[in-house]
Amino acid sequence: MNLLLNNVHARMEKFVEDRVVICRNCAIMRMTEFGMKCDDRKWLDPINNIASFFKKDGWVKGCGCLCAKKAMNPNNHCVAKKW
C-alpha cells in the first residue's frame, strides 16, 4: 500500500512540475512575491508565445492565477491551452 501511495505521489509531483515548467517559459508569466503568476494585465499569442499589453485578435488574456496552485488540480487548464 505504501509503495502504491508513493507511486501516486511521485506521478502527481511530475504532473505538476511539467505544467509549472510550461508556465515558467510562457511570455506572460510574471514573478510575484507569492510565486509565478499568469499576468492578467497581458495578452498572449499562444502560437508564437509573444506577449502584449494590448488585445489582439486570436490572443488570450492571462488569467491571473498563481501557476503552481492552478497546476495542482488536474481539472484546471491553461487559458492559452498549453496544458
Completion exercise
Ranked output for segments 16-25, 63-72 by mean other Cβ atoms within 10 Å, highest leading, reads 63-72, 16-25
Problem - Dipole magnitude of the chain, debye to nearest 20 (Cβ charges: Lys/Arg +1, Asp/Glu -1, about Cα centre) - result: 160 debye
Handout entry: (1) 14.1; (2) 13.5; (3) 16.3, with the label sought being that of the calculated Kirkwood radius over Cα pairs in Å
Key = (2)
Exercise for the section: Between residue 53 and residue 8, with labels modelled 7 Å along Cα→Cβ, what's the label distance in nm to one decimal, could you check? Expected result: 4.7 nm
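Only the coordinates and a few stated rules stand behind these numbers; no lab work does. All of these numbers come straight from a predicted model, not from anything done at the bench. Cβ atoms come from the backbone with ideal geometry, glycine included; neighbour counts cover every protein chain shown.
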